[in-house]
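Everything below concerns the one structure shown next.
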Amino acid sequence: SAMLRCTEVLLIITIFLIKWQNSHGEVVANEAELKNKSRPFTIRVTRLLCINTPYEETVVKECRAILRRNQRSLMCVTVVAPKVYNYVMLQFRLHYKFTTFQPLLIDGQAEVCSYLRNPKRDPLNTYMYEVLKKLMPNTVYPCPHGNKTYVERSEYKEEYAPKSIPAGDYRMDLRFASESN
């Protein structure tokens with residue numbers, strides 16, 4: 001998933017397949033670094049979708065996950081944003097699959113430009129910022145945004161996942177919007 005500064009809805013759905021391993025390790029986390037030394041399961045991205053395309057003001061050139069044997073999946077997103085934006089709203093929600101996908105733990109929104117100018121001590125927004133900064137280093141920076149092509153190639157690492165999630169199937173929805181939408 002990429003922090004793509006768009007004026008229309010860019011919803012990226014990532015499905016995580018989490019598998020239990022035989023060994024059960026103690027989870028030790030440094031919240032500043034979002035690191036877990038061990039987990040009793042592994043996390044894999046199995047699908048990446050950019051939905052409701054084409055968009056009015058941006059062009060999605062690439063949106064896919066490359067599944068690689070014995071390696072993490074590579075998430076590839078390229079978006080052309082020809083206009084300049086000083087307001088970007090990010091909405092995010094994590095879903096867990098019971099019989100259908102239901103919201104779980106992470107559900108919020110933040111105005112990105114304002115947050116980057118003056119970060120607040122909100123744990124949820126800080127967590128999302130730290131993860132997105134590592135996933136999309138070419139895209140996460142203070143406003144203005146746009147008038148360029150955003151290219152991201154990244155892997156979702158296990159330490160990015162919350163410490164307390166159960167094994168199962170997950171979907172992370174991200175929506176980026178401007179003032180006009």
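Would you be able to say whether some residue in segment 65-76 is in contact with a helix residue (DSSP H, G or I) (Cβ under 8 Å, 6 or more places away or on another chain), surrounded by 15 or more Cβ atoms within 10 Å (Cβ to Cβ) and either at pLDDT below 95 or closer than 22 Å to Met136 by Cα (or both)? Walk me through it before giving the result.
Of all residues in segment 65-76, those in contact with a helix residue (DSSP H, G or I) (Cβ under 8 Å, 6 or more places away or on another chain) come to 75.
Applying the additional criterion that residues be surrounded by 15 or more Cβ atoms within 10 Å (Cβ to Cβ) yields 75.
Still in the list and also either at pLDDT below 95 or closer than 22 Å to Met136 by Cα (or both): 75.
Within segment 65-76, one or more residues are in contact with a helix residue (DSSP H, G or I) (Cβ under 8 Å, 6 or more places away or on another chain), surrounded by 15 or more Cβ atoms within 10 Å (Cβ to Cβ) and either at pLDDT below 95 or closer than 22 Å to Met136 by Cα (or both).
Every residue in segment 47-62 that is among the β-branched types (Val, Ile, Thr) and surrounded by fewer than 17 Cβ atoms within 10 Å (Cβ to Cβ), please. Steps first, please.
Let us first name the residues in segment 47-62 that are among the β-branched types (Val, Ile, Thr), namely 51, 53, 58-60.
Hits for segment 47-62 are Ile51, Thr53, Val59.
Answer yes or no as to whether Gln102 is under 27 Å from Ser180 (Cβ atoms) and either assigned to a strand (DSSP E or B) or of a type in the set (Phe, Trp, Tyr) (or both).
Judged against the criteria, Gln102 is not a match.
Condition first: in contact with a Gly (Cβ under 6 Å, 6 or more places away or on another chain), of a type in the set (A, V, I, L, M, F, W, C) and surrounded by fewer than 17 Cβ atoms within 10 Å (Cβ to Cβ). Now tell me which residues in segment 77-94 satisfy that.
Within segment 77-94, just Val84 meets the criteria.
From the list Val60, Val131, Val84, exactly one residue is of a type in the set (A, V, I, L, M, F, W, C), at pLDDT 90 or above, part of a strand (DSSP E or B) and under 28 Å from Arg44 (Cβ atoms). Which is it?
So the residue among Val60, Val131, Val84 that is of a type in the set (A, V, I, L, M, F, W, C), at pLDDT 90 or above, part of a strand (DSSP E or B) and under 28 Å from Arg44 (Cβ atoms) is Val60.
Looking only at segment 134-180, filter to residues that are in a loop (DSSP other than H, G, I, E, B), modelled with pLDDT of 90 or more and among the polar types (S, T, N, Q); which one of those is surrounded by the most Cβ atoms within 10 Å (Cβ to Cβ)?
Looking at the filtered set, the residue picked out is Thr139.
Being in contact with a helix residue (DSSP H, G or I) (Cβ under 6 Å, 6 or more places away or on another chain) and not aliphatic (A, V, I, L, M) is true for just one of Pro166, Pro142, Pro162. Which residue is that? Walk me through how you get there before you give the answer.
On the way: Pro166 fails: in contact with a helix residue (DSSP H, G or I) (Cβ under 6 Å, 6 or more places away or on another chain); Pro162 fails: in contact with a helix residue (DSSP H, G or I) (Cβ under 6 Å, 6 or more places away or on another chain).
Result of the check over Pro166, Pro142, Pro162: Pro142.
Quick one: is Lys120 more than 24 Å from Pro82 (Cα to Cα), surrounded by 13 or more Cβ atoms within 10 Å (Cβ to Cβ) and either out of contact with any Cys (no Cβ under 6 Å at 6 or more places or on another chain) or of a type in the set (Ser, Thr, Tyr) (or both)?
No: the conditions fail for Lys120.
The values are calculated or read from the model by the stated rules, or taken from the named source; none is laboratory data. The model shown is predicted, which means the values in this text are computed figures rather than measured ones. Cβ: placed from backbone, ideal geometry, glycine included. Neighbour counts: every protein chain shown.
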